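Enquirer: Have a look at this one.
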Amino acid sequence: MEHELRMGLSVWSIVAIVCNSVVGVLILILFVILYKACKVPSHPEKVPVFTAKPQQRKEQKYLLTAA
């Protein structure tokens, strides 16, 4: 114990600092990835063009009457 006090920090405290630093860097990388992912639009503005003709839908109108 006396030897640890003269050195300043124990080995386990240095290991804890290194581990916390690694976790901090990983969290920073995660935030950068999330920031870049949020900048990409989820719906592209250009709609793909299909070569087939779209089918025309026949609209049916219903007359609602009170009974």
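Enquirer: Provide the gained length on full extension for the span Lys36 to Tyr62, in nm with one decimal, where the gain is 0.36 nm per separating residue minus the Cα-Cα distance.
Expert: Answer, rounded to one decimal: 4.4 nm.
Enquirer: Right, something else. Fully extended, how many nm does the chain gain between Ser21 and Leu9 (0.36 nm per residue separation, minus their Cα-Cα distance)?
Expert: Values: separation 12, 0.36 × 12 = 4.32 nm, distance 1.62 nm.
Answer, rounded to one decimal: 2.7 nm.
Every number here is computed from the coordinates shown, using simple stated rules; none is lab data. Not measured: the values here are computed from a predicted model.
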